[in-house]
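So the structure is just underneath, and the comments pick up after that.
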Amino acid sequence: MDDGRILAAVEGERERALAVHRFVHEHPELAHEEHECCRHLVAVLEAGGLEVEAGVAGMPTAFRATLRGGLPGRAVGLVAVYDAVPVFRPDGTIEPVHSCGHDAISGGVVAAALALAGLRDELAGSVVVFGCPADEIPAPRTVELGGGKALLADAGLWDGIDAALYAHPEFEDTVFLRSRWMRRERATVTGERSLTGEREAPLEAVAEALEAVRALPPADAIVEHLLLEGDVEDRGGLGLRVHFLLRADERSGLDDLAESLHAALPDAVWERDPVVCAIRADETVREAVRDAVLALGREFVDEPAPLPFGTDFGNVSQRVPGALIGIGRPGGWSFHTDEGAEQFAADGHEAALAIARILALSCARLVGGD
């Protein structure tokens, strides 16, 4: 397909892109609770002619929407996220705020899919939009249930997809080549009986564990939070539950970190979450994105800095050739802050349109390429 026709089709979806961006921004919902946003995206995609399956992989706020082209070709999956950042306020409440660009991502993905739907007869292969709940790792229900992209991958929803594209507002236009492996471990430590016969919180043992964390290399392990519990099931007494988030450059590094923590808390009962994989970049997909960025007259950064954190898009890219795409903005964004929320309210529509253009052009290069 001709780039000019694709970009004209994206421009024709400008108002729907901005409307989706605005709706998601004004309806912030936490992980696995994105009911209003999910319903809105599903309705817009269905109205645009995509075949939508709601509630996939056992997640009420997940969906898969398929656009089938008029010509044979490959299948490309687009990641749409729409959960808000959990902001932990000083009074102990959690406020959902869109300060990470998920409003722009959902608007951009919808506009790209609808633009290509308008060119269905010329489109080779298919484009599949994956509605992925729970991108924000610290959100309570992400901790409880897991990230949506990883859960969709585990359920086999990405099987049969030839390329996966996940675009996120960033500081520069790029495809990220490296991220970190990550896993959460939870330790429950029960206190001992005091002279008064009451159980006491195991503060000394936990303090030793925190010192062990401080001795680890910077940014390799963090304490997410401490939770003081009452009766600890099957053990009795007062206990502390400590959440540790482990991050390492290699998969084996997570086990090394866990071994150090377990040694520091030998009497704890440990729970372990599934691994969040590092991203695996695919050169063919990366080149398609790079070509799309350059076709727009934008600058593409070939060697971006490694991401200092983990993302469950890594679990997708370990199964499907994929690209985690950065969509740049001069000066970047103040992610996960109230200032960032104001930035995305004011400028997120421009990020949504940039995402739509780059995704639509990238899809055209991937579905029918040799």
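The values are calculated or read from the model by the stated rules, or taken from the named source; none is laboratory data. The structure presented is a predicted model; accordingly, all values stated were derived computationally and were not measured. Heads up, the Cβs are rebuilt from the backbone with ideal geometry, glycines too, and the neighbour counts pull from every protein chain shown. Just so you know, the surface numbers come from the protein's heavy atoms only, side chains and all, with ligands and any DNA or RNA stripped out. Shrake-Rupley method; radii C 1.70, N 1.55, O 1.52, S 1.80 Å.
The number of residues in the range 342-359 being within 20 Å of the chain's Cα centre (by Cα) and surrounded by 24 or more Cβ atoms within 10 Å (Cβ to Cβ) comes to 8. For the range 111-123, the condition holds for no residue, the condition being that it is modelled with pLDDT of 95 or more, assigned to a strand (DSSP E or B) and either small (G, A, S) or within 25 Å of V242 (Cβ to Cβ) (or both). Pairing residues of the range 252-275 that are open to solvent by 80 Å² or more (accessible area, probe 1.4 Å) with residues that are part of a loop (DSSP other than H, G, I, E, B), at Cβ distances under 8 Å and at least 6 apart in sequence or on separate chains, gives P274/G146. Would the range 70-93 turn up any residue that is more than 24 Å from E170 (Cα to Cα) and within 22 Å of the chain's Cα centre (by Cα)? The answer is yes, given that some residue of the range 70-93 is more than 24 Å from E170 (Cα to Cα) and within 22 Å of the chain's Cα centre (by Cα). For the range 1-82, the strands (runs of 3 or more DSSP E) that sit wholly inside it and include 2 or more residues that are in contact with a strand residue (DSSP E or B) (Cβ under 6 Å, 6 or more places away or on another chain), without any contact (Cβ under 8 Å) to a residue 40 or more places away in the chain and of a type in the set (A, V, I, L, M) are 51-54. Residue-level check: of (1) under 22 Å from the mean Cα position of the chain (by Cα); (2) under 19 Å from V143 (Cα atoms), W270 misses just (1).
Of the residues making up the range 308-330, those that are open to solvent by 10 Å² or more (accessible area, probe 1.4 Å) and either in contact with a helix residue (DSSP H, G or I) (Cβ under 9 Å, 6 or more places away or on another chain) or at pLDDT 95 or above (or both) number 9. Scanning the range 274-297 finds no residues that are over 30 Å from T174 (Cα atoms), out of contact with any Cys (no Cβ under 6 Å at 6 or more places or on another chain) and not hydroxyl-bearing (S, T, Y). Against the definition (within 28 Å of V320 (Cβ to Cβ), modelled with pLDDT of 85 or more, open to solvent by less than 20 Å² (accessible area, probe 1.4 Å) and among the basic types (K, R)), how does R247 come out, yes or no? Against the criterion (within 28 Å of V320 (Cβ to Cβ), modelled with pLDDT of 85 or more, open to solvent by less than 20 Å² (accessible area, probe 1.4 Å) and among the basic types (K, R)), R247 does not qualify.
Identify all residues within the range 74-110 that are on the phi > 0 side of the Ramachandran plot and modelled with pLDDT of 95 or more; write none if there are none. G101, the sole residue that qualifies.
Name the one entry in E95, E46 that is open to solvent by 50 Å² or more (accessible area, probe 1.4 Å) and under 24 Å from R357 (Cβ atoms). Explain how you work it out, then say what you get.
Working: E95 fails: under 24 Å from R357 (Cβ atoms).
Going through E95, E46 in turn, the sole match is E46.
When the residues of the range 1-18 are filtered to those that are crowded, with 17+ Cβ neighbours inside 10 Å and among the hydrophobic types (A, V, I, L, M, F, W, C), the one that is farthest from L361 (Cα to Cα) is L18.
Return the total of residues in the range 142-168 being open to solvent by 10 Å² or more (accessible area, probe 1.4 Å) and among the hydrophobic types (A, V, I, L, M, F, W, C). Total meeting the criteria: 7. Of all residues in the range 68-86, those satisfying the criterion of being out of contact with any Ser or Thr (no Cβ under 6 Å at 6 or more places or on another chain), open to solvent by less than 30 Å² (accessible area, probe 1.4 Å) and not small (G, A, S) are V76, L78, V79, V81, D83, P86.
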